[in-house]
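Enquirer: Sharing a structure below in structure tokens format, with a few things to ask.
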Ligand code: URA
């Protein structure tokens, strides 16, 4: 079994994780209100992985992460970097939608995050971009309370708790935050939050291409 597992492709590992380990997950209360489990999407061999917070309305309905307004924003950012969604892997901390898009609760993160960590081990990305404070804090993993401003603009180390994988970690604004800021601005005015994210993503990509 160990020998067999060692030769599995990333796609096979993800498939096993999704079908056999996660299955029809009932490990937390979100199981009762979800429509679909939103596992992840993209290239299982991706060197760059994006991690958001939790599925929203559209994602819950379709079973695919980042397909609503926040997803369109993320896709736009990728496009500006000449990347497509097929070249990266996209997942969330929580695999099920919290009712009314409320913040994830600690027990939900505790039960669900092992699946995210297993996804990261299977994909083994070299660079991870955490979208928003929740994903950033979880992946930093040192238990310190930090604001997003404290986390963005530099690289951190993501370390698998079992030591199976390490990656560079960048944290930037969640697309939903950037969209909210956009709505507060007069039409046509440049959104500084959007520029900040692009600077963060360019930094992450530059690093990926230089190592
Ligand atoms: N927000 C997230 O954090 N994830 C999604 O998949 C959609 C919106």
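The values are calculated or read from the model by the stated rules, or taken from the named source; none is laboratory data. All figures in this text were calculated on a predicted structure; none of them were measured in a lab. Cβ sites come from the backbone with ideal geometry, for glycine too, and all protein chains shown count toward neighbours.
Enquirer: If I filter segment 188-195 for residues that are over 26 Å from residue 116 (Cα atoms) and modelled with pLDDT under 95, do I get at least one hit?
Expert: Yes, the conditions are met somewhere in segment 188-195.
Enquirer: Before we move on, is residue 15 within 12 Å of the ligand (Cβ to nearest atom) and in a helix (DSSP H, G or I)?
Expert: Spelling it out, it is not the case that residue 15 is within 12 Å of the ligand (Cβ to nearest atom) and in a helix (DSSP H, G or I).
Enquirer: Continuing with the same structure: Got a number for residues in segment 156-176 being closer than 25 Å to residue 207 by Cα, in contact (Cβ under 8 Å) with a residue 24 or more places away in the chain and surrounded by 15 or more Cβ atoms within 10 Å (Cβ to Cβ)?
Expert: Residues flagged as closer than 25 Å to residue 207 by Cα, in contact (Cβ under 8 Å) with a residue 24 or more places away in the chain and surrounded by 15 or more Cβ atoms within 10 Å (Cβ to Cβ) within segment 156-176 amount to 12.
Enquirer: Residue check: is residue 50 near the ligand (Cβ under 9 Å from one of its atoms), in contact with a strand residue (DSSP E or B) (Cβ under 9 Å, 6 or more places away or on another chain), closer than 23 Å to residue 195 by Cβ and not in a helix (DSSP H, G or I)?
Expert: no
Enquirer: Does residue 206 meet the test of being surrounded by fewer than 15 Cβ atoms within 10 Å (Cβ to Cβ), free of Cβ contacts under 8 Å to residues at least 40 places away in the same chain and not in a helix (DSSP H, G or I)?
Expert: No: the conditions fail for residue 206.
Enquirer: Quick one: which helices (runs of 4 or more DSSP H) sit completely within segment 58-173 and have at least 3 residues that are on the phi < 0 side of the Ramachandran plot and within 16 Å of the ligand (Cβ to nearest atom)?
Expert: In segment 58-173, the matching helices (runs of 4 or more DSSP H) lie at 69-80, 106-123, 133-140.
Enquirer: List pairs: first in segment 56-82 and within 15 Å of residue 130 (Cα to Cα) and modelled with pLDDT of 95 or more, second within 8 Å of the ligand (Cβ to nearest atom) and part of a loop (DSSP other than H, G, I, E, B), Cβ under 6 Å, 6+ apart or cross-chain?
Expert: 65/38; 74/66
Enquirer: Mind checking whether some residue in segment 55-62 is under 19 Å from the mean Cα position of the chain (by Cα), within 28 Å of residue 166 (Cα to Cα) and crowded, with 20+ Cβ neighbours inside 10 Å?
Expert: Looking through segment 55-62, at least one residue is under 19 Å from the mean Cα position of the chain (by Cα), within 28 Å of residue 166 (Cα to Cα) and crowded, with 20+ Cβ neighbours inside 10 Å.
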